[in-house]
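Have a look at the structure below before the remarks.
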Amino acid sequence: MSTRPDVLVLPEGSGTRPRGHAAEGPARRRIALLGNPNSGKTTLFNALTGLRQKVGNYAGVTVEKKVGRCRLPSGQSVEVLDLPGSYSLQPASPDEIIVRDVLLGLLPDTPPPDVIVLVVDATNLDRHLYLVLQVLELGRPAIVALNMIDAAEEAGIRIDETALERRLGVPVLAIAAAKGRGLGNLRRMMDREIEPSTRHFRRWPDPVRHAIEGLETRLPRLPHVPERSRTDLAIALLLEDGEDDALARAVPAGVLDGLPAIRERLDQQDPGWRQGDVLGRYDEIADIVKIAVVAPGEARDETRERIDRVLTHRIFGPVIFLLLMGAVFQSVFAWAQPAMDLIDALIHRFSRLVEAALPAGPLQSLLVDGIIAGVGTTITFVPQIAILFLFISLLEDTGYMARAAFIMDRIMGKVGLSGRAFIPLLSSFACAIPGIMATRTIDNRRDRLTTILIAPFMSCSARLPVYALLIGAFIPNIWIGPVTLPGITLLALYALGIAAAVLVAWALKRTALKGGKPLYVMELPPYRMPSWRSVLVAVRDRSILFLQKAGTVILAVSIILWFLASYPKGGPEATRLAAEITTAQQAGDPTAAAQLERELAGATLRESFAGRVGYALEPVIRPLGFDWRIGIGLLTSFAAREVMVSTMATVFNLGTHSDEPVSLRQTIRDATDPTTGARAYSPLVGLSLMVFFALACQCMSTVAVARRETNSWRWPLFMLVMMNALAWLASFAVYQGGRLLGYG
Amino acid sequence: MTYPTLDQLAPGQCAVVVSVGGPVAIARRLMELGLAPGTPVELVRLAPLGDPLELRVRRIHLSIRRSEARHIRVDAT
């Protein structure tokens, strides 16, 4: 037995910090799980590693890297890598590119695995064998795990494992990962030294073979690419003519430049050369299946048919879909609320404790108003994220998600997105943060980026308090038919966000994110009972990932905002008020002292850096009808939009914890311009401000999570600039247009 | 005689793939997913709005758009 503690050690650059020290001595054996999507690979991964797994990213890309630890019968502990689901080593998505790069040894941070466990669905052996043959051709040690063997037996499919082993040249094991069947055998097999397959399944026509051999000789010795992968690298280069970075980086420009000419020559000699190997493998598979598999004809899955007849029905399908989405939305919106309130209350109580334990001063203020408030903001998002991912995992694992995408594809296709963009966008009405995290189900990179960039346009729940304040202050409660003007205004603000999203998606798809039309192919998997373990692991992973990655950025920005709103202290007005407070206290007048305290808080904010930024912003926001006080609010609301409300309360001397929104509405309506004495905000200013809030990106958490999900600062910064420019222009149009028409 | 394309089948109708055309990368991927010439295929149903299509090929259900199905010729006899 090893006494080494169970710590996970990931290579550098994997995006996850190791929790302990790197293990010394011989490198731990690495085993990779690989298979088609829906092969039950993740279920096997969870079963092998238990809860000892870590989720990170492959360096430089958004593809998720899942690594776990598994102890084998010999006592040896191995590292298990759950590679993204793939259909082919000829990649068509970022996930598949990663798989190819790992297997070819092109990724410096993830060396090729020592053993590959190929997970296949025993009920769909012929299609799943395609990837198996491709991987065996690489000549690496592999084990084939015939997963879901129970379902295959139930369907009357009999697989001769020995015959299959003979034909494939590697060990074949029957397992049922969800039931834990056969896992002992698999673990024992993983303990052994595995020989790579010596069979050759690849049938290239002569001209292609010559081209591959020619290329191979021109490839230099590459540091990370094993000698035996050179042939595979040459094939990958020949077949790939896209924008494949890792591959292009791996070879010198001279070789790359020669490729188009080689391809052109092959096109002339044999127009079908690029597909020849595909047909060759399927011929081989037909041979293998004939020998090793006995299946009772084309039996139909009647349960599936019956469910699908309802769920994808012309009328019931969309109705059920909308009801389900309504339930998901309502849950994220409403169910999370008690948990969020509880977290809020706990954080509040904790702040009070810290306040009581520490003397008043900069340290107490930094802890309470900066750090605890910042960490608190981060934690309050967790209930929404957890609930949304509970539903998403359930919908994914049961197989419904694919049907939802099938139903919605036509509509989402109109703005150039795929059906899978619907759930992230819907969730964004509750909060853009879980929404952006949910875009992981979109496999096309451009579709995913577009969805991330338009998600914050959906009016989230944090905008509601601001809308409520401004509508209450400026929109008269007039009935228009069966509805009220405030109701119509609220609806219009939601519609405005959606319209902006459609417009931006349309524009992005034609400019920055234009590209060859992506292929939409989606497998509609059979319906399955979800495993609670997988669902809970997904919920846990998402929550932890958010806290770790977005949380650090949110905390940093919170501290900066705290500093800006608290310093410098002791401006002229604040000094005067502090003196007056002392006088009032000495005179024994607590009411006057309390009023002065609120005025002091207001004065401190007005005289702080944030106040100065508000003043400095005035020339920029004056054309929108906003003054410096709103400017301060726009700055502080970057911590969270609803902070706008408490900032306004402080600016207008109502105290930070004003529980009387009515009085704040009144105060804002009656606010005067300190220099002219005229009313500062007309209803038109209110409308302009609402439009600004509907469109602007003023949420550091959204920026932080977009940074984490796109793995670069480029897109979140683009989002920030694009949304705020759009908000400015729209508010400008509303305010100046309104003035031209004689309002305000 | 020219063969009909996959999107011209009626829901529930079966056929055999004759050829897969269109952009090379897309044709290759469709073949890798099992839609290779000689493979039996069934058009199971259309999505509620008429697009995409649900296919059944090698016991697997695939969903592809009409725009891709137009490049796949099938023998429906």
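Among the residues of the range B:56-72, are any more than 7 Å from chain A (Cβ to nearest Cβ), among the charged types (D, E, K, R) and open to solvent by 30 Å² or more (accessible area, probe 1.4 Å)? Yes, some residue in the range B:56-72 is more than 7 Å from chain A (Cβ to nearest Cβ), among the charged types (D, E, K, R) and open to solvent by 30 Å² or more (accessible area, probe 1.4 Å).
Taken as a whole, the structure leaves A:Gln337 outside the set of residues that are touching a helix residue (DSSP H, G or I) at 6+ places or on another chain (Cβ under 9 Å) and facing chain B (nearest Cβ under 9 Å). Only one residue in A:Glu153, A:Glu165, A:Glu96, A:Glu137 is of a type in the set (D, E, K, R), free of Cβ contacts under 8 Å to residues at least 60 places away in the same chain and under 22 Å from A:Gly276 (Cα atoms). Which one? The conditions single out A:Glu96. Counting only helices (runs of 4 or more DSSP H) that sit wholly inside the range A:84-169, those with at least 2 residues that are at pLDDT 90 or above and more than 14 Å from chain B (Cβ to nearest Cβ) are A:94-104, A:149-154, A:161-168. Within the set A:Arg314, A:Arg306, the sole residue that is in a helix (DSSP H, G or I) and modelled with pLDDT of 85 or more turns out to be A:Arg306. Can A:Ile433 be described as at pLDDT 85 or above, within 13 Å of the chain's Cα centre (by Cα), in a helix (DSSP H, G or I) and of a type in the set (A, V, I, L, M, F, W, C)? Criteria met by A:Ile433. Residues in the range A:69-84 that are in contact with an Asp or Glu (Cβ under 7 Å, 6 or more places away or on another chain), of a type outside the set (A, V, I, L, M) and touching a residue at least 24 places away in the same chain (Cβ under 8 Å) were compared, and the one that is least open to solvent (accessible area, probe 1.4 Å) is A:Arg69.
Is it the case that B:Val41 is more than 8 Å from chain A (Cβ to nearest Cβ), under 19 Å from A:Ala286 (Cβ atoms) and in contact with an Asp or Glu (Cβ under 7 Å, 6 or more places away or on another chain)? Considered against the rule, which asks whether it is more than 8 Å from chain A (Cβ to nearest Cβ), under 19 Å from A:Ala286 (Cβ atoms) and in contact with an Asp or Glu (Cβ under 7 Å, 6 or more places away or on another chain), B:Val41 comes out as no. Restricting A:Gly625, A:Gly571, A:Gly602 to those that are small (Gly, Ala, Ser), modelled with pLDDT of 85 or more and open to solvent by less than 60 Å² (accessible area, probe 1.4 Å) reduces the list to A:Gly625. Counting only residues that are facing another protein chain (nearest Cβ under 8 Å) and open to solvent by less than 90 Å² (accessible area, probe 1.4 Å), the range A:305-318 holds 5 of them. Can you pull out every residue in the range A:265-282 that is over 40 Å from the mean Cα position of the chain (by Cα) and either charged (D, E, K, R) or facing chain B (nearest Cβ under 9 Å) (or both)? Matches in the range A:265-282: A:Arg265, A:Asp267, A:Asp270.
Given the criteria open to solvent by 60 Å² or more (accessible area, probe 1.4 Å) and polar (S, T, N, Q), does A:Gln337 qualify? Answer is yes for this residue. When residues in the range B:23-71 are screened for being more than 20 Å from A:Leu125 (Cα to Cα) and in contact (Cβ under 8 Å) with a residue 24 or more places away in the chain, 13 of them pass.
Checking each residue in the range B:46-55 for being within 7 Å of chain A (Cβ to nearest Cβ) and within 12 Å of the chain's Cα centre (by Cα) picks out B:Pro52, B:Glu54. Checking A:Leu324, A:Leu367 one by one, the residue that is farther than 30 Å from A:Gln548 by Cβ, of a type in the set (A, V, I, L, M, F, W, C) and surrounded by 15 or more Cβ atoms within 10 Å (Cβ to Cβ) is A:Leu324 and no other. How many residues are assigned to a loop (DSSP other than H, G, I, E, B) and either within 11 Å of chain A (Cβ to nearest Cβ) or over 10 Å from the mean Cα position of the chain (by Cα) (or both) when one looks only at the range B:1-38? Going through the range B:1-38 one residue at a time, the tally reaches 17.
Of the residues making up the range A:126-174, just one is open to solvent by less than 10 Å² (accessible area, probe 1.4 Å), more than 23 Å from B:Val57 (Cβ to Cβ) and not hydrophobic (A, V, I, L, M, F, W, C), namely A:Arg140.
In the range A:283-300, the qualifying residues are those that are over 29 Å from B:Ile26 (Cα atoms) and touching a residue at least 24 places away in the same chain (Cβ under 8 Å), and the one that is nearest to the chain's Cα centre (by Cα) is A:Ala299. Every test in (1) over 20 Å from A:Val537 (Cα atoms); (2) within 14 Å of another protein chain (Cβ to nearest Cβ); (3) in a helix (DSSP H, G or I); (4) over 15 Å from the mean Cα position of the chain (by Cα) is passed by A:Phe422 save one, and that test is (4). Filtered by the rule that a residue be open to solvent by 10 Å² or more (accessible area, probe 1.4 Å) and aliphatic (A, V, I, L, M), the range A:393-411 gives A:Leu394, A:Leu395, A:Met401, A:Met408, A:Ile411.
Counted as qualifying within the range A:673-744 are the helices (runs of 4 or more DSSP H) with 3 or more residues that are open to solvent by 30 Å² or more (accessible area, probe 1.4 Å), namely A:714-740.
The values are calculated or read from the model by the stated rules, or taken from the named source; none is laboratory data. Predicted model only: the values in this text are computed from it and were never measured. All Cβ positions, glycine included, derive from the backbone under ideal geometry; neighbour counts span all protein chains shown. SASA here: full protein model, heavy atoms, side chains in, ligands and nucleic acids out. Shrake-Rupley method; radii C 1.70, N 1.55, O 1.52, S 1.80 Å.
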